[in-house]
Structures are given as C-alpha cells and as structure tokens.
Amino acid sequence: MLHDVEFQAWCNSLRLSQQQRDLVNQIRTSPPARKVKGGGRNVHGPYASSKMGRTIQFESHTVELPAITQFYEYDDQVLEYWDQPIKLSIKCSPQGKQATTISHYPDFFVMRNNCCGFEEWKTEKRLEKLSEEQPYRYQKIEREWVDVIVQEYIESLGYYYHLRSDTEIDWVKYRNQKYLQPYKQGYLKQQYILNDQVEANVQEIIVSYPGINLTNLLEKAKNATIDDINTLIALEKVYEPIPLFQKSLLRFVKCA
C-alpha cells in the first residue's frame, strides 16, 4: 500500500480533483461497503493479500478469486485494490422503461500507475443472460461487455469502469500461480533464502540451453533443488518454457 506522501504524489500525477481525492481516500480508509455472500455453487471467502497487507473479499472462487491473483495481486501496474469499495445509487430513465434507481456494488476499486476506477467481474454465461433480460443496460460492444448505465455514471465522476468476464482468466496460469504462491511468500517472509551462486548458475544454464525442460535443468544444476527453481520462477527471475511454468501475457485494462 502507498504511504501518505506516495498517495498524494499519485493523486497529483493523475491530476485528481479534490472531490475525486476525497472519494478515493474514503474508499482507502473505510471498511467494505458490504460483506460478500456465496450463492448456489459459489464459494466466497477472504484472500490474504501481501500487496494490501489485509484480507480481500471474493464472492466466487471461480471468478473473483482467480481475478484477484491474476490481475491485481501480482500486477506491478496495480498499486492498490479494494473490495466492495462503495455502494452506488444511480437514478436513470432507460428508454421505454420507468424511471428507477439502480443500486450497484462494484467488486473492486483499482488504483493503477496511470489511472483508477471500478471493476466488476461476472461469468460470460451470466452476462449473456443479463443482456437478454436488460438489453438497455448490458451490451457487448466491439467484443467487450459494457454496463452502459453504470459506466456512463462512473465516467461522469472521472473514473473508468470496466465490466470483465471470466473468459479473460487464464486457468493454466491461475493454477501455476496457486502452486508457486507459497514459494514467493516464503521468500518475501525470509522463510526461504536463495543462494546467489545457485541463482546465477540456473540462469546461466537456461540461457545456454533455450527450451530446456525442468528434468534436464535439475540434472545440470546439481547444486539447485526443485524449491530453488520454483522460487526463482515465482519471483520471475527465470522462465521455464514448458506448459507448467509458461509465462503468459496479461491483458491490459484500458484506462479511460
């Protein structure tokens, strides 16, 4: 998380108005606007975030949880992310509909290096159903889902709003991240110490033998253990070009 001086510098870099700063500060200093609940087969719960130094709520272990680890926790462009940040009450008059007020709790407020805004995650199946039930609100424009009413309201406040689908999630990458997470946490908590000579040797072997698999790497790096190599991969100091440890490109979020 950002210290006060860093937060003010970030606000200045984005040229946030005082009103915008106040809302961001309110989100950062307040508890979540609601407690999440599971439904059907969804399993909700808390995620212990090293980046945030606190637990982050997820509403579903098949959507929000993998989204947290893949798009927020380990993305260096994300400075902070806050769950259930605010309740929005949006008055609207959809064409052909009676005037109404929409209550909306975005899943996350995300502070990135060069922008900040609200993000909502849903399954593709759910979005398709919503687009049939509320076509005036949920639409697919240029292959991206849009919540027209909420997006228009949030953009009027000077933030971006991004409606995201579970089709963005790379499930192989997610499983890899779950497997490697203990190695990264152990290193950061100084429960596991890497030997500099071992690190340099493993990196040299990978450069000398492009495409080397894990078995051959272990044979050649006789002073390295599987824990050493997994830690190096978790810290993104080496990349093994095999399916289990492939590094895939993240989909960057458009900042409005």
Whole angstrom only: what separates the Cα centroid of region 23-88 from the Cα centroid of region 177-238? 30 Å
In 5 Å bins starting at 0, how do the alpha-carbon pair distances of region 116-217 split up by percent? 2, 10, 12, 12, 12, 9, 7, 9, 10, 8, 6, 1, 0
For the chain, with a Gaussian network of springs between Cα atoms less than 10 Å apart, report the residue from A200, A67, A234 with the top mean-square fluctuation. A200
Using the alpha-carbon atoms, what tilt in degrees (0 to 90, nearest 10) does helix 18-29 show relative to the longest principal axis of the chain? 60 degrees
Taking P(r) over Cα pairs in 10 Å bins from 0, in percent straight from the coordinates, which label in (i) 7, 31, 33, 20, 7, 1; (ii) 7, 31, 37, 20, 4, 0; (iii) 6, 26, 30, 21, 12, 4, 1, 0 is the correct one? (iii)
Would you kindly state how much longer the chain becomes between E132 and K189 on full extension, computed as 0.36 nm times their sequence separation minus their alpha carbon distance, in nm to one decimal? 15.7 nm
A student applying the Cα gyration tensor rule (rounded when a/c is under 1.5; otherwise prolate if a/b is larger than b/c, oblate if not) would label region 13-138 oblate
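Rule-based calculations on the coordinates, nothing more; no lab input. For clarity, every value in this text was computed on a predicted model and none was experimentally measured.
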